[in-house]
Amino acid sequence: MPAIPIEQARDKLTKAVKKLSADDVVAAHDELFPAGPATTKGAANGSVVLAKQIIDHIRQGLEPEEVVDLWNVVFPKDRNVYYDEETKQVHFNEEEPETSDYAE
């Protein structure tokens, strides 16, 4: 049941973005900036420029909803990612709540 403070989640995302492949950088950029889909074609350092834009956006105070959305792109193996407003923590890889087998 991992949970980390929102600031630590932003730091983890920043570090991970620096290590993403060019295709994953484009996917992350498109998640944060859907109005202007990105491409790295034709630019030798295109993914570096996009990664810098993403990191700058994270450092400016990425909103919790954006953290969760970006988390799902950057860490695709993590499941059940959500932000808890009360604890101000990002939760991930938690078990899904059990449902009752009978209706009330």
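The values are calculated or read from the model by the stated rules, or taken from the named source; none is laboratory data. Keep in mind it's a predicted model, so treat the numbers as computed, not measured. Please note: Cβ atoms are built from the backbone with ideal geometry, for glycine as well, and neighbour counts cover all protein chains shown. The protein model used for the area step is the full one, side chains on, heavy atoms only, and it has no ligands, DNA or RNA in it. Shrake-Rupley method; radii C 1.70, N 1.55, O 1.52, S 1.80 Å.
What is the residue count in region 46-68 for residues that are among the charged types (D, E, K, R) and closer than 29 Å to residue 86 by Cβ? First the steps, then the outcome.
Here is the first cut: in region 46-68, the ones among the charged types (D, E, K, R) are 52, 56, 59, 63, 65-66.
In the following step, the residues that additionally are closer than 29 Å to residue 86 by Cβ were identified as 59, 63, 65-66.
Final tally of qualifying residues: 4.
Is region 24-35 home to any residue that is modelled with pLDDT under 95, touching a Pro at 6+ places or on another chain (Cβ under 9 Å), open to solvent by less than 60 Å² (accessible area, probe 1.4 Å) and not in a helix (DSSP H, G or I)?
no
Could you say which residue among 65, 96 is under 18 Å from residue 3 (Cβ atoms), open to solvent by 100 Å² or more (accessible area, probe 1.4 Å) and modelled with pLDDT under 95? Even if it seems obvious, please write down each step before you answer.
Working: 65 fails: modelled with pLDDT under 95.
One residue alone meets the criteria, 96.
Tally up the residues in region 72-87 that are of a type outside the set (D, E, K, R), farther than 12 Å from residue 24 by Cα and either part of a loop (DSSP other than H, G, I, E, B) or open to solvent by less than 70 Å² (accessible area, probe 1.4 Å) (or both), please.
Just the residues of region 72-87 that are of a type outside the set (D, E, K, R), to begin with: 72-76, 80-83, 87.
Then keep just the ones that are farther than 12 Å from residue 24 by Cα; that gives 80-83, 87.
Okay, now just the ones that are also either part of a loop (DSSP other than H, G, I, E, B) or open to solvent by less than 70 Å² (accessible area, probe 1.4 Å) (or both), so 80-81, 83, 87.
So the answer is 4.
Please determine whether any residue of region 4-21 is at pLDDT below 90 and surrounded by fewer than 16 Cβ atoms within 10 Å (Cβ to Cβ). Walk me through how you get there before you give the answer.
Filtering region 4-21 for residues at pLDDT below 90 gives none.
No: region 4-21 contains no residue that is at pLDDT below 90 and surrounded by fewer than 16 Cβ atoms within 10 Å (Cβ to Cβ).
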